[in-house]
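In what follows, a structure is listed as structure tokens, so that the remarks can point back to it.
The values are calculated or read from the model by the stated rules, or taken from the named source; none is laboratory data. Computed from a predicted structure; not experimentally measured. When we count neighbours, we look across all protein chains shown, and the Cβ atoms used for this are built from the backbone with ideal geometry, even at glycine.
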Amino acid sequence: MATIILNIWAVHRNADVWPDPHKFMPERFMVDGNNISADFSSKDCKLIPFGGGRRICLGLPLAYRTVHLILASLLHHFDWTLPEEARQNGIDMTEKFGIVISMATPLKAIAKKRMLNA
């Protein structure tokens with residue numbers, strides 16, 4: 001028996017596979033520029049951070065269908081701003097290495113309730 005740990009960070013930054021791997025381009029996960037591939041069980045591995053095969057995340061199909069609705073609701077009901085320090089100095093995008101990659105300085109945003117016209 002062996003344990004295999006994949007370096008997903010390196011896979012997603014492989015210039016042989018991804019054009020401009022260090023650039024934020026969510027459209028790279030779209031098929032034909034219009035439709036997002038929803039085949040979670042394929043060997044294509046575009047959504048590998050959610051696992052694969054028998055050990056795939058059970059909540060992935062639900063998240064795939066609802067996360068955009070939750071995000072749209074948050075964007076619609078709140079006005080979002082950065083803290084003063086982030087506005088002056090910019091967002092620190094350096095990474096902290098561990099079992100998973102996270103931001104060295106966590107991103108913070110200030111949500112202010114938007115007054116909707118009734």
Those residues of segment 2-40 which are at pLDDT 75 or above and either among the acidic types (Asp, Glu) or on the phi > 0 side of the Ramachandran plot (or both), in sequence order: Asp16, Asp20, Glu27
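Looking only at segment 78-101, count how many residues are of a type in the set (Ser, Thr, Tyr) and surrounded by fewer than 11 Cβ atoms within 10 Å (Cβ to Cβ).
Initial filter on segment 78-101 (of a type in the set (Ser, Thr, Tyr)): 81, 94.
Next, from what is left, pick out any that are surrounded by fewer than 11 Cβ atoms within 10 Å (Cβ to Cβ): 94.
Residues that pass the stated criteria total 1.
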Qualifying positions in segment 65-114 - touching a residue at least 24 places away in the same chain (Cβ under 8 Å), more than 23 Å from Asn7 (Cα to Cα) and not charged (D, E, K, R): Leu74, His76, His77, Phe78, Trp80, Thr81, Leu82, Pro83, Ala109, Ile110, Ala111
Residue pairs meeting the criteria (Cβ under 6 Å; at least 6 apart or on separate chains; first surrounded by 10 or more Cβ atoms within 10 Å (Cβ to Cβ), in segment 15-39; second modelled with pLDDT under 65 and in a loop (DSSP other than H, G, I, E, B)): Phe29/Lys46; Val31/Ser37
